[in-house]
Amino acid sequence: MTSISHTFQTLRVSVREASLSGEAPPQEARQQCALIPFITAGDPNLETTAEALRILDRNGADFIELGIPYSDPLADGPVIQAAATHALQKGTKLEQVLEMLHVVIPSLKAPIILFTYYNPILHRGIKSFLLKIAAAGVRGLVVPDLPLEEAEELIQTAASFGIEVILLVAPTSSKDRILAIARQSQGFIYLVSVTGVTGIRAQIQDRVKDLISDLRSVTDKPIGVGFGISGPEQAHQVREWGADAVIVGSAFVKRLAEGSPTEGLLAVEQLCRELKAAITSASLQKVGFVDILQDSRLAPSPAQI
């Protein structure tokens, strides 16, 4: 399993080579935009989680973010909070998730990024926690409640295990703080598109474009945009603003929870394909967005879900 940084480098090289060979127009000769789906481990069960990882990997995911269910998910909106609650009620624990990943990760091309709060890490001890997730094949780590000022120990220890700690930039971050986070974040920089928790929203704030530009002015690290992206049109917009990755969570979690596990997996597969098409196409018409957006199942709700 390759590292997150190496995978982004591969995406950049593949686009450059396509441009030089005439397969892509000059305006497309920049880093390919990566797709990063998010799902919650154990919802509706770990068997379905394992199959969802395989499906996402086969249908365009460049990385996959896997949430560890936690009882107090402060950064998550109602959809992901509900998923975490369901998983915990079924007795899902970190050790079970890692056992599942031991089996699944060798068959995946997409690196796995764990999303977890800091308390479970402290409870097990930083080194012990990192040893376990590295042994399972995890390559990245997002800890939303870990402030930059307290992240150094985790970042340095994780690096010794081949794990990249990805830091978050908030819309309210000052330019000085953006620079500090950009310097420390590993793999890529996670740009939060909204002030608030995760969730499906009707549109992405225009300020995200300016934030991407601010980051570009201080770093050449890849920029992933998450929180609030729910469908192909939003993903395409974020790509056009210059993001190197789009991160989609609640939309996948919601679909996976609806109906039977089989129906949920089919819905996840469809959404993954449509999002991938949206961020690799040159125009809305090229990927048939008119047809996609007329599908009521994909039309984002004006309210956070």
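The values are calculated or read from the model by the stated rules, or taken from the named source; none is laboratory data. Predicted model only: the values in this text are computed from it and were never measured. Neighbour counts run over all protein chains shown; Cβ positions are idealised from the backbone, glycine included. Surface areas here come from the heavy atoms of the whole protein model, side chains and all, with no ligands, DNA or RNA. Shrake-Rupley method; radii C 1.70, N 1.55, O 1.52, S 1.80 Å.
Determine which lysines satisfy two conditions relative to Lys90: a Cα distance under 26 Å, and not lying fewer than 8 residues away in the same chain.
Lys132, Lys254
As a test question: what accessible area, to the nearest 10 Å², does Asp210 have when a 1.4 Å probe is rolled over all protein chains in place?
Ignoring ligands and nucleic acids, Asp210 comes out at about 90 Å².
Can you send over the solvent-accessible area of Asp206, 1.4 Å probe, protein chains only, in Å² to the nearest 10?
Its accessible surface works out to 120 Å², give or take rounding.
Label Glu240 and Arg58 with points 7 Å out from Cα along Cα→Cβ: what is the distance between them in nm?
The modelled label-to-label distance comes out at 3.3 nm.
Quick one: grab the alpha carbon gyration tensor of region 56-133, order the square roots of its eigenvalues as a ≥ b ≥ c, and give me rounded if a/c is under 1.5, else prolate or oblate depending on whether a/b is larger than b/c.
It comes out oblate by the Cα gyration axes.
What do you get for Rg/Rh over region 68-108 if you use C-alpha atoms and the Kirkwood form of Rh?
Taking Rh as the inverse mean 1/r over Cα pairs, Rg/Rh reads 1.06.
Thr40 accessible area, nearest 10 Å², 1.4 Å probe?
Thr40 has an accessible surface of roughly 10 Å² with all protein chains in place.
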